[in-house]
Amino acid sequence: MNVIELEQINKVFVTDEMDTHALSQVSLQVMQGEFVSITGPSGCGKSTLLSILGLLDTCSSGVYKLNGSDVTELNATQRAQVRNRDIGFIFQSFNLIPELSVFDNVALPLIYQRRLNQQEIKQKAMYALEKVNMVHRLKHYPGQLSGGQQQRVAVARALSTDPKVLLADEPTGNLDSANGAAVMELLAALHREGSTICMVTHDERYTNLAQRNIHLHDGRIATLAVKTKSAANF
């Protein structure tokens with residue numbers, strides 16, 4: 001089953017001076033349980049593509065189906081609801097709220113769903129923290145954690161809602177080699193457990209861990225390569 005289906009996606013940014021074609025005729029499918037990397041030079045459209053996949057932005061034309069449902073024409077409120085329910089984000093800069101504890105950062109997406117009681121929220125948040133080995137830091141604040149620990153908390157937050165897909169935007173970009181490798185081991189383990197992952201990265205070491213690489217150039221898919229080595233072998 002395809003979790004993501006893009007058909008002829010175009011994205012044009014319109015300004016007074018010129019129109020910028022960020023994505024042109026992008027079509028792709030991501031199957032349930034697949035690990036896909038997205039690569040390409042700076043300005044090729046990687047972040048724009050991830051923003052559209054995550055419903056943070058909309059395409060100018062084309063069709064986007066998420067888990068079989070057409071989400072192309074959803075309004076901002078509907079996109080936010082789908083985002084919170086079906087998509088987990090892992091950002092390069094972690095995007096944790098400094099004033100909230102580790103536990104509260106992970107629980108926040110669950111609170112926004114407004115369908116769980118406090119006990120259910122606690123159970124889900126604790127389960128997510130256990131998966132990333134950060135339960136012992138649940139009362140700490142982001143400023144008291146290392147970069148690698150903050151990214152683990154960010155992964156737990158992304159996992160807390162049981163999303164259909166995890167979107168990772170340069171998840172190791174702000175980490176040293178050791179912490180970057182640790183975070184990638186965590187993503188690889190999540191993939192082995194069945195998570196669907198789309199990851200933007202410029203690091204070839206981590207690109208090679210994905211099952212498939214999508215290389216963008218000037219807003220178009222230049223190559224679609226299936227890897228012989230996958231995250232399952234990390």
Looking at 221, 214, which is the one that is assigned to a strand (DSSP E or B) and either more than 24 Å from residue 52 (Cα to Cα) or open to solvent by 40 Å² or more (accessible area, probe 1.4 Å) (or both)?
221
Tell me, which residue of segment 80-103 that is surrounded by fewer than 17 Cβ atoms within 10 Å (Cβ to Cβ) and among the charged types (D, E, K, R) is nearest to residue 47 (Cα to Cα)?
85
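Does residue 140 satisfy the condition of being surrounded by fewer than 17 Cβ atoms within 10 Å (Cβ to Cβ) and within 16 Å of residue 96 (Cα to Cα)?
Numbers: surrounded by fewer than 17 Cβ atoms within 10 Å (Cβ to Cβ): yes; within 16 Å of residue 96 (Cα to Cα): yes.
Yes.
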Tell me which of these residue 180 doesn't satisfy, since it passes every other one: (1) at pLDDT 90 or above; (2) open to solvent by 70 Å² or more (accessible area, probe 1.4 Å).
(2)
Would you confirm, using the coordinates I've provided, whether residue 191 is open to solvent by 10 Å² or more (accessible area, probe 1.4 Å), more than 13 Å from residue 90 (Cα to Cα), of a type outside the set (D, E, K, R) and touching a strand residue (DSSP E or B) at 6+ places or on another chain (Cβ under 7 Å)?
yes
Hits in segment 1-26 (condition: open to solvent by less than 40 Å² (accessible area, probe 1.4 Å) and among the hydroxyl-bearing types (Ser, Thr, Tyr))
24
Among (1) closer than 15 Å to residue 161 by Cβ; (2) more than 20 Å from the chain's Cα centre (by Cα); (3) surrounded by 14 or more Cβ atoms within 10 Å (Cβ to Cβ), where does residue 107 come up short?
(2)
Residue 204 being within 27 Å of residue 82 (Cα to Cα) and either modelled with pLDDT under 95 or of a type in the set (Asp, Glu) (or both)
no
Which of the residues spanning segment 28-45 are within 19 Å of residue 62 (Cβ to Cβ) and hydrophobic (A, V, I, L, M, F, W, C)?
28, 30, 36, 38, 44
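The values are calculated or read from the model by the stated rules, or taken from the named source; none is laboratory data. This one's a predicted model, so the numbers in the text were calculated from it and none came from an experiment. As a convention, Cβ positions derive from the backbone with ideal geometry for all residues, glycine included, and neighbour counts pool all protein chains shown. These area figures cover heavy atoms from the full protein model, side chains too; ligands, DNA and RNA do not enter into them. Shrake-Rupley method; radii C 1.70, N 1.55, O 1.52, S 1.80 Å.
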